[in-house]
Amino acid sequence: MLQLRPRESLGGGDFGWLRAKHHFAVDDSGNRAHTPLGSLIVWNDDEIAPRSGFPLHGHRDMEIFTYVRHGVLQHEDSLGGRGEIRAGTVQAMTAGRGIRHREFNSGDDPLSIFQIWMLPRRRDLQARWNTRSFADARRPGEFVTLASGYDDDRDALQIDADARVLGATLESGQRITYPIGPTRSGYLVPARGTVTVNNQRVNERDGIAIVAEADIVVTATAPAELILVDVR
């Protein structure tokens, strides 16, 4: 089963400094048809205005993955972590028993990110934070695992969730087949470009939920960059 979630159907809002689209309903104002998939509970498409951002705030018992589409994300946290995460770089954070962080756009251009939240397998873990370059890892025409909760994905960022986060770049006409399997689900968003998923058209920054599909066949109808979460 495939459920297309067009960008115009997503919840969210325009708060001046932040323009947000929510692929999953995060409060009562969200689209109630956009329910979680297993441990995947949040996928926010955020545009942050120049010289603004999220002030210092806390998280607990959550696995948080951030993909920078455009611009530069400045990160500071209560563990002493500091980083400049540029477009083409991804970040994984285990909130565990508690972490406070600040995320902001110190530049003069808008910052665009996907932020994805997954429920952890275990509570009260040691908090941690790490980054990785998607640009260095990408292999055109293939899915690359960017973050994973499985030991066999040794080169990926570590998360403690029954999930893996994958990225791919495709030229127009290229096709990838990916096995989801009947006991798992998936959620795919083209960060750039347009694709079909099992012949269902998915435009840039639309989402598509994938449930009880043995395989998906993703075909680019224009040059595309994709993020897929494979989740139980």
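The values are calculated or read from the model by the stated rules, or taken from the named source; none is laboratory data. Everything quoted here is computed from the prediction, not taken from an experiment. Here the Cβ positions follow ideal geometry from the backbone for every residue, glycine too, while neighbour counts run over all protein chains shown. The accessibility values were calculated without ligands, DNA or RNA, using every heavy atom of the protein model including side chains. Shrake-Rupley method; radii C 1.70, N 1.55, O 1.52, S 1.80 Å.
Using a 1.4 Å probe on the protein heavy atoms, what percent of the accessible area of the chain belongs to carbon and sulfur?
Roughly 46 percent of what the probe reaches on the chain is carbon or sulfur.
How far apart, in nm, are the 7 Å Cα→Cβ label points at S133 and W17?
Going from the S133 label point to the W17 one covers 3.2 nm.
From the alpha carbon gyration tensor of segment 108-217, can you work out the equivalent ellipsoid semi-axes (sqrt of 5 times each eigenvalue) and give them in Å, largest to smallest?
Those come to 24, 19, 14 Å.
Between L79 and R154, what is the FRET efficiency for a Förster distance of 30 Å, r being their Cβ-Cβ separation, to the nearest 0.05?
E between L79 and R154, to the nearest 0.05, is 0.80.
Would you tally the net charge around Q115, using a Cβ to Cβ cut-off of less than 9 Å, leaving Q115 out, and scoring K and R as +1, D and E as -1?
Net charge around Q115: -3.
First check a/c for segment 144-185, with a ≥ b ≥ c the square roots of the eigenvalues of its C-alpha gyration tensor; if it is under 1.5, answer rounded, and if not, answer prolate when a/b is larger than b/c or oblate otherwise.
oblate
Per-residue ellipticity at 222 nm for the chain, helices alone: DSSP H runs ≥ 4 residues times -39500 (n - 2.57), over residue total, nearest 500 deg cm²/dmol?
After summing the helix terms and dividing by residue count, I get 0 deg cm²/dmol.
Once you have the Cα-Cα distance between Q3 and V72, take 0.36 nm times their residue separation minus that, and quote the gain in nm to one decimal.
Taking Q3 through V72 to full extension adds about 21.6 nm, to one decimal.
What is the gain in length, in nm to one decimal, between V144 and R86 on full extension, counting 0.36 nm per residue of separation less the C-alpha to C-alpha distance? Before the final figure, lay out the partial values.
Details: separation 58, 0.36 × 58 = 20.88 nm, distance 1.86 nm.
Gain in length upon complete extension: 19.0 nm.
Using a Förster radius of 30 Å, what is the FRET efficiency between T177 and D27 based on their Cβ-Cβ separation? Nearest 0.05, please.
Numbers: r = 36 Å, r/R0 = 1.22.
With a Förster radius of 30 Å, E is 0.25.
Please report the spacing between the Cα centers of segment 22-68 and segment 217-232 in Å, no decimals.
Between the Cα centres of segment 22-68 and segment 217-232 lies a distance of 20 Å.
What Kirkwood hydrodynamic radius do you get for the chain when you take the inverse of the mean 1/r over all pairs of distinct Cα atoms, in Å?
Taking the inverse mean of 1/r over all distinct Cα pairs, the chain comes out at 17.7 Å.
Rounded, prolate or oblate for segment 98-152? Axes are the square roots of the Cα gyration tensor eigenvalues, ordered a ≥ b ≥ c, and the cut-off for rounded is a/c under 1.5.
Numbers: a/c = 2.39, a/b = 1.05, b/c = 2.29.
Oblate shape, in that a/c is at least 1.5 and b/c is the bigger or equal ratio.
Taking every pair of Cα atoms in segment 160-230, average 1/r, invert it to obtain the Kirkwood radius, and report Rg/Rh to two decimals. Spell out each step's value before the answer.
Details: Rg = 11.3 Å, Rh = 11.9 Å.
Rounded to two decimals, Rg over Rh is 0.95.
With a 1.4 Å probe and every protein chain left in place, work out the accessible area per residue of the chain in Å², rounded to a whole number.
Accessible area per residue: 45 Å².
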